[in-house]
1. Could you grab me the full set of residues in segment 118-137 that are within 15 Å of the chain's Cα centre (by Cα), open to solvent by less than 20 Å² (accessible area, probe 1.4 Å) and within 8 Å of the ligand (Cβ to nearest atom)?
2. Tally time: how many residues in segment 337-369 are more than 19 Å from the chain's Cα centre (by Cα) and at negative phi?
3. Does at least one position in segment 346-368 carry a residue that is assigned by TED's automatic domain parsing to the domain that holds Val302, within 12 Å of the ligand (Cβ to nearest atom) and among the acidic types (Asp, Glu)?
4. Of all residues in segment 306-323, which are under 13 Å from Phe70 (Cβ atoms) and not in a helix (DSSP H, G or I)?
5. Counting only residues that are open to solvent by less than 50 Å² (accessible area, probe 1.4 Å) and of a type in the set (Phe, Trp, Tyr), which one in segment 238-279 is farthest from His93 (Cα to Cα)?
6. Within segment 142-149, is there a residue that is touching a strand residue (DSSP E or B) at 6+ places or on another chain (Cβ under 6 Å) and crowded, with 22+ Cβ neighbours inside 10 Å?
7. Out of all the residues in segment 180-202, which are surrounded by 16 or more Cβ atoms within 10 Å (Cβ to Cβ) and either in contact with a Cys (Cβ under 8 Å, 6 or more places away or on another chain) or over 22 Å from Leu114 (Cβ atoms) (or both)?
8. For segment 159-176, state whether one or more residues are open to solvent by 10 Å² or more (accessible area, probe 1.4 Å), modelled with pLDDT of 95 or more and over 30 Å from Arg38 (Cβ atoms).
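The values are calculated or read from the model by the stated rules, or taken from the named source; none is laboratory data. What you see is a predicted model; the values in this text were computed from it and never measured. Ideal geometry is used to build each Cβ from the backbone, glycine not excepted, and the neighbour counts take in all protein chains shown. With ligands, DNA and RNA removed, areas are computed over all heavy atoms of the protein, side chains included. Shrake-Rupley method; radii C 1.70, N 1.55, O 1.52, S 1.80 Å.
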Amino acid sequence: MQNLIQRTVYREDHESFREQVRRFFEKEVVPFHAEWERQGLVPKEVWRKAGREGLLNTLLPEPYGGGGDFGHAAVLIEEIARTGASGLGFPLHSDIVAPYIHTYGSKAQKDRWLPAMARGEMIGAIAMTEPGAGSDLKSVRTTAQKTSDGQHYVINGSKTFITNGINSELVIVVAKTAPELGAKGVSLIVVEAGTPGFSKGRKLEKIGLMAQDTSELFFDNVKVPVDHLLGEENMGFKYLMQELAQERLVVAVRAAMSIEAFLQKTVDYTRERKAFGQTVFEFQNTRFKLAEAKAKATMLRVFVDDCMALHLRHELTPERAAMVKLNATALQNQLLDEFLQLHGGYGYMTEYQVGRAWTDARVGRIYGGSDEIMKEIIARTL
Ligand SMILES: Cc1cc2nc3c(=O)[nH]c(=O)nc-3n(C[C@H](O)[C@H](O)[C@H](O)COP(=O)(O)OP(=O)(O)OC[C@H]3O[C@@H](n4cnc5c(N)ncnc54)[C@H](O)[C@@H]3O)c2cc1C
């Protein structure tokens, strides 16, 4: 589909990066994605290849990443949405996990972890959610207690729904270092795979995002040196709140492109498909549905690009990020449902991407903060 508006948010270097990403996806991702969906996992080798191509940590400065900005990150997210390659957990790794290390980590921590993440040799995850605590993050029960000599933390607890969990080689764990202080006693601590006591649970079976690995993680007396703490002790909750705006924008960028891609696919499909002696596109209902979709998608595109421009200037506020996520995912869910309907029974078949996109989209209203939490954030500014 042609761009709905003239997109001024991208520069030429972003668009040439898009060409590079497209070539990589055509060769290394699209032909294999269905197989990864059956396996429930994207092989680590694909991460290593993406690392060699410079597709990871794109928004971080060299040598920690690609020396780009959020525009490069957004290009990759859009290509994931456009091709339906929802198994790739690259955005979580590059645009959520790596920035925590870059923003709050010491030079030694950055040197140790970020170049390896940029090469795809250390796959990143962030473990906030627990079986008993999701939206209410401050009530996490995982603890990190300092040893009596002050040299280590000992982590105990369990996490669930962790993206890249099975593949993860580095996990930022949200743990209480001072449980009596509630939200003011939360810290972020890095745990590397292979550390004794750290284990991965089952790969969770989901209704969508079939190729993306999502798992439980367990911490049983996991001992890590104190220099695995990111930033200051007990400041974790504040760090999480600061970084969540970017995470929400990532979800919105993906939703907007998914709508545009499937609008085009639905136009193409309905122009081909015949019923009652005419194409499905020729029914007034179809054209009106698609016209409404285009009008709404255009409105969303203006808002998403504006939020991206604000974010590139470091001016995106938490409430704007909440608004764009809330709107983008609501519209994505509504419109993908209508696009699926216009595909008839074929829409329900996995061989047609629209059905998979429809199931993939549902989680956008839940993860990264649910709709209801977004409304809470916005309501505080009324
Ligand atoms: C595919 C997938 C991937 C994920 N990846 C990660 C990851 O990588 N790392 C990670 O840490 N987590 C991850 N999550 C977890 C996700 O962030 C949580 O599921 C989400 O924050 C909601 O938490 P919860 O599931 O505990 O629901 P709950 O918090 O139990 O919420 C249940 C319902 O109550 C509502 N609710 C809760 N609080 C309020 C309130 N104050 N007002 C009104 N309604 C409220 C919620 O909106 C929801 O509708 C992932 C989840 C999924 C499904």
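1. Result: Ala125, Ile126, Ala127.
2. Kept after step one, since they are more than 19 Å from the chain's Cα centre (by Cα), are these residues of segment 337-369: 337-355.
Okay, now just the ones that are also at negative phi, so 337-343, 345-355.
Final tally of qualifying residues: 18.
3. Kept after step one, since they are assigned by TED's automatic domain parsing to the domain that holds Val302, are these residues of segment 346-368: 346-368.
Within this subset, residues satisfying the condition of being within 12 Å of the ligand (Cβ to nearest atom) are 359-368.
Then drop every residue that is not among the acidic types (Asp, Glu), which leaves 360.
Yes.
4. Of the residues in segment 306-323, the ones under 13 Å from Phe70 (Cβ atoms) are 307-316, 321.
Across segment 306-323, the qualifying residues are Arg313, His314, Glu315, Leu316.
5. Within segment 238-279, the match that is farthest from His93 (Cα to Cα) is Tyr269.
6. For segment 142-149, residues touching a strand residue (DSSP E or B) at 6+ places or on another chain (Cβ under 6 Å) and crowded, with 22+ Cβ neighbours inside 10 Å: present.
7. Once the filter is applied, which keeps residues that are surrounded by 16 or more Cβ atoms within 10 Å (Cβ to Cβ) and either in contact with a Cys (Cβ under 8 Å, 6 or more places away or on another chain) or over 22 Å from Leu114 (Cβ atoms) (or both), segment 180-202 yields Ala183, Gly185, Val186, Lys200.
8. Yes, some residue in segment 159-176 is open to solvent by 10 Å² or more (accessible area, probe 1.4 Å), modelled with pLDDT of 95 or more and over 30 Å from Arg38 (Cβ atoms).
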